[in-house]
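S.K.: Please see the structure below; I have some questions.
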Amino acid sequence: MKIERLELRLLKLPLVHFFETSFGRVDDKHFILVRVDGGGATGYGECVAEQDPYYSAETNETAWHIIEGFIAPRVLGTEFAHPREVFPALKAIRGHNMAKAAVEMAAWDLFAKQRAEPLSRVLGGTRDRIASGVSIGIQRSLDDLAANVGRELAAGYRRIKIKIKPGWDLAAVETVRARFGAIPLMVDANAAYSMADADHLAKIDRFDLMMIEQPLDYDDVADHASLQRRLKTPICLDESIKTVGIAREAIAAGACRIINIKPGRVGGFAESIRLHDLCASHGIPVWHGGMLESGIGRAANVHLSTLPNFSLPGDIAASKRYFDPDLIDPPIEVAADGTIAVPTAPGIGVAICQDRIERATLKTLDLRP
Ligand code: OSB
Ligand code: MG
């Protein structure tokens, strides 16, 4: 497989509803779309960097800079026998996993399309439907939160995650438990607490949650291990798991009992598979995270979620919760039983609407060997 052309686009798509986490609110999604062409086929990769360095250190600007100046020159015109060779070929570049992942995932899509196989098969997936959960942002009021949870349960979602932060935590969970009972429920703090809040966080144990995601700092492992010793509720790490090596340390330290996999955070599909396998070998279940992706990145996530240790519903929900219209047609849909069908056409297996991409484009860059 040879990448003969690499195109970068910066896109802006309005979100159907604002999305608020402990680190802020977004109304529009700004992201880089990578397109690679080779051997008469085309692959796509969606970069999950955001405008601000609040979830991770990367931003759209840093990803653009790193892809243009350092990643593209290493992949353009290079003969790869398999897309798993792409991440190692970028070893000289420290960090910047989201930039690397966007190109690497485009290479996997290109490879699968050249072989006319669905991406799930090339990745080693084993299922034809995946279980879907939702991530509900911080709301204006507890009534708004309850209305949101009610709507998503009625839509069939198999797990509800609510975002928490200091001042929007115990009462939010209490409201949901009081209104909806023993539903599959979890919380995500996006690193909003410190060990000084350990007594407060321990009060969450009485709500019998599936897990608490990333309560402490984004680059912390040791304090999560201390906190896990004080909590009955399983800790799931998201932000902290930036590499497979850190995951190994976190598991050894007892810092988490569950891990959220986002390919963008760890450098792409090959590293995600290594992380998935590492977790499986330690009895750590994983689920697929989300970064408010368009249908292009969302479809890629659906394919990765077909691997066997993705045993918990992830943050991959229907397109219509985010974009109307999405960049793909038909959009990603969730059936009444809370599952998503894995596309069976080659590669990511979704039909891309080029006119919608053109309309959302803020800038473009065309790169050749
Ligand atoms: O922490 O999982 C997170 C969105 C942006 C940044 C971080 C996170 C999220 C989500 C959204 O929770 C999940 C989704 O795509 O619905
Ligand atoms: Mg998270």
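The values are calculated or read from the model by the stated rules, or taken from the named source; none is laboratory data. For clarity, every value in this text was computed on a predicted model and none was experimentally measured. Note that we place each Cβ from the backbone using ideal geometry, even for glycine, and neighbour counts take in every protein chain shown. All accessible areas refer to the heavy atoms of the entire protein, side chains included, with ligands and DNA or RNA removed. Shrake-Rupley method; radii C 1.70, N 1.55, O 1.52, S 1.80 Å.
S.K.: Does region 285-310 hold any residues that are over 9 Å from the mean Cα position of the chain (by Cα) and either hydroxyl-bearing (Ser, Thr, Tyr) or farther than 17 Å from Pro118 by Cβ (or both), and which are they? Full working, then the answer.
M.R.: Here is the first cut: in region 285-310, the residues over 9 Å from the mean Cα position of the chain (by Cα) are 285-287, 294-296, 299-300, 302-310.
Answer for region 285-310, where residues must be over 9 Å from the mean Cα position of the chain (by Cα) and either hydroxyl-bearing (Ser, Thr, Tyr) or farther than 17 Å from Pro118 by Cβ (or both): Pro285, Val286, Trp287, Ser294, Ser305, Thr306, Asn309.
S.K.: For Ser311, all conditions in the list (1) within 26 Å of Ala255 (Cα to Cα); (2) open to solvent by less than 20 Å² (accessible area, probe 1.4 Å) hold save one; what is the number of the exception?
M.R.: Single failed check for Ser311: (2).
S.K.: Here is a further query. Keeping to region 225-279, report how many residues are of a type in the set (D, E, K, R), open to solvent by less than 30 Å² (accessible area, probe 1.4 Å) and outside any helix (DSSP H, G or I).
M.R.: Pass one, region 225-279, residues of a type in the set (D, E, K, R): 229-230, 232, 238-239, 242, 248-249, 257, 262, 265, 271, 274, 277.
Among the residues that remain, those that are also open to solvent by less than 30 Å² (accessible area, probe 1.4 Å) are: 238-239, 262, 265, 271.
Within this subset, residues satisfying the condition of being outside any helix (DSSP H, G or I) are 238-239, 262.
Qualifying residue count, region 225-279: 3.
S.K.: With respect to the numbered conditions (1) open to solvent by 30 Å² or more (accessible area, probe 1.4 Å); (2) hydrophobic (A, V, I, L, M, F, W, C); (3) touching a residue at least 12 places away in the same chain (Cβ under 8 Å), which one is the sole condition not fulfilled by Val302?
M.R.: (1)
S.K.: Let me ask something additional. Only one residue in Ala178, Ala182 is in a helix (DSSP H, G or I) and modelled with pLDDT of 95 or more, so which one is that?
M.R.: Values: Ala182 fails: in a helix (DSSP H, G or I).
Step by step, each of Ala178, Ala182 is checked, and only Ala178 is in a helix (DSSP H, G or I) and modelled with pLDDT of 95 or more.
S.K.: For Lys161, work out the one condition from (1) within 16 Å of ligand 2 (Cβ to nearest atom); (2) open to solvent by 30 Å² or more (accessible area, probe 1.4 Å) it doesn't fulfil.
M.R.: Unmet condition: (2).
S.K.: Take region 169-181 and flag every residue that is open to solvent by 10 Å² or more (accessible area, probe 1.4 Å) and in contact with a strand residue (DSSP E or B) (Cβ under 9 Å, 6 or more places away or on another chain).
M.R.: Of region 169-181, the ones open to solvent by 10 Å² or more (accessible area, probe 1.4 Å) are 169-171, 174-175, 177-181.
Correct list: Asp169, Arg177, Phe180.
S.K.: Further question on the same structure: Checking Ile66 against (1) within 16 Å of ligand 2 (Cβ to nearest atom); (2) in contact with a His (Cβ under 6 Å, 6 or more places away or on another chain), which test does it fail?
M.R.: So Ile66 meets the others, but not (1).
S.K.: Okay, moving on. Please work out if Arg74 is over 24 Å from Ile241 (Cα atoms), of a type in the set (Lys, Arg) and open to solvent by 10 Å² or more (accessible area, probe 1.4 Å).
M.R.: On the way: over 24 Å from Ile241 (Cα atoms): yes; of a type in the set (Lys, Arg): yes; open to solvent by 10 Å² or more (accessible area, probe 1.4 Å): yes.
Yes, satisfied.
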